[in-house]
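Chemist: Here you go, one structure.
The values are calculated or read from the model by the stated rules, or taken from the named source; none is laboratory data. It should be emphasised that the depicted structure is a prediction, and the values quoted were computed from it without experimental measurement. Neighbour counts run over all protein chains shown; Cβ positions are idealised from the backbone, glycine included.
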Amino acid sequence: MKLVIATRNAHKLEEIKSIFDFQHLEVLSAFDFPEIPDVIEDGNTLEANAIKKAVEISKATGCWAMADDSGLEVNVLDGAPGVYSARYAGEQCSYSDNNKKLLRELMGKKDRSAQFCTVIALSDPEGNVKTVSGKCHGLIIDELRGSTGFGYDPLFVPEGYTETFAELGSEVKNRISHRAQALQKACDEWADFISR
Ligand code: ITT
């Protein structure tokens, strides 16, 4: 049975593949379907966007599809960048632009608490969908540290650690991250589907 991971983010794809045990499933990704246009992420919540990505890709490919929508919520910024994490500094912006904007917005702010949040949706080819979510609490530091991972990883120190996700590396990140927690729930709750 084929399952499409509905992402064009290579880092995210790599993390999902190394965290989740897909057992006998044949795993594809949006990179295998270049003719399918990007899904417009216009939902107001991570859940709405994750569902939209999973349903559109499953309908377009005729396969089951799994989608991840994630964001960084910074408490003193009322949850921003949140659902707009990918384009915080504007359309077509880079990870570096987003990190610089976040540091600017946090300049002089004492409360550095934040959480990464993920919703993962699974859709069958008819568009029947289920979701799980995961959260990882931590702090935003005031300089970029580390070179692994992607996105806001060089600024985020997870609770219980002193190094950023980008310094801790994939082994630790993939054990404790928002994505790891959501995928652990997926593994528990979707076992019937996965073992079919
Ligand atoms: P797809 O929609 O194709 O999956 P995307 O990069 O647009 O890829 P999102 O819509 O979920 O993914 O965007 C979330 C953004 O939040 C992402 O571009 C990163 O900047 C950031 N992000 C998400 N997960 C992250 C993580 O584990 N570590 C660091 N930053 C992350």
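Chemist: Condition test on residue 108, is it within 14 Å of the ligand (Cβ to nearest atom), more than 26 Å from residue 18 (Cα to Cα) and loosely packed, with under 14 Cβ neighbours inside 10 Å?
Modeler: Here the answer is no, as residue 108 does not meet what is asked.
Chemist: Here's something else I'd like to know. What number of residues within the range 164-175 satisfy the criterion of being buried (at least 17 other Cβ atoms within 10 Å of the Cβ) and either in a loop (DSSP other than H, G, I, E, B) or in contact with a strand residue (DSSP E or B) (Cβ under 9 Å, 6 or more places away or on another chain) (or both)?
Modeler: Counting residues in the range 164-175 that are buried (at least 17 other Cβ atoms within 10 Å of the Cβ) and either in a loop (DSSP other than H, G, I, E, B) or in contact with a strand residue (DSSP E or B) (Cβ under 9 Å, 6 or more places away or on another chain) (or both) gives 6.
Chemist: If residue 6 satisfies every condition in (1) more than 9 Å from the ligand (Cβ to nearest atom); (2) buried (at least 17 other Cβ atoms within 10 Å of the Cβ) but one, which is the exception?
Modeler: Among (1) more than 9 Å from the ligand (Cβ to nearest atom); (2) buried (at least 17 other Cβ atoms within 10 Å of the Cβ), the lone unmet condition for residue 6 is (1).
Chemist: Quick check: anything in the range 143-163 closer than 17 Å to residue 70 by Cβ, β-branched (Val, Ile, Thr) and in contact with a strand residue (DSSP E or B) (Cβ under 8 Å, 6 or more places away or on another chain)?
Modeler: There is no residue in the range 143-163 that is closer than 17 Å to residue 70 by Cβ, β-branched (Val, Ile, Thr) and in contact with a strand residue (DSSP E or B) (Cβ under 8 Å, 6 or more places away or on another chain).
Chemist: Looking at the range 111-130 only, could you name the residues that are part of a strand (DSSP E or B) and crowded, with 16+ Cβ neighbours inside 10 Å?
Modeler: Listed by number, the residues that qualify are 114, 115, 116, 117, 118, 119, 120, 121, 122, 123, 129.
So that you can scan it fast, the table gives a plain yes or no per residue for (1) near the ligand (Cβ under 10 Å from one of its atoms); (2) outside any strand (DSSP E or B); (3) without any contact (Cβ under 8 Å) to a residue 12 or more places away in the chain:
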| position | (1), (2), (3) |
| --- | --- |
| 71 | yes, no, no |
| 98 | yes, yes, no |
| 135 | no, no, no |
| 138 | no, no, no |
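Chemist: Just to be sure before I move on: is residue 16 crowded, with 21+ Cβ neighbours inside 10 Å, within 12 Å of the ligand (Cβ to nearest atom), at pLDDT 95 or above and not in a loop (DSSP other than H, G, I, E, B) in the structure I sent? Walk me through it before giving the result.
Modeler: On the way: crowded, with 21+ Cβ neighbours inside 10 Å: yes; within 12 Å of the ligand (Cβ to nearest atom): yes; at pLDDT 95 or above: yes; not in a loop (DSSP other than H, G, I, E, B): yes.
Criteria met by residue 16.
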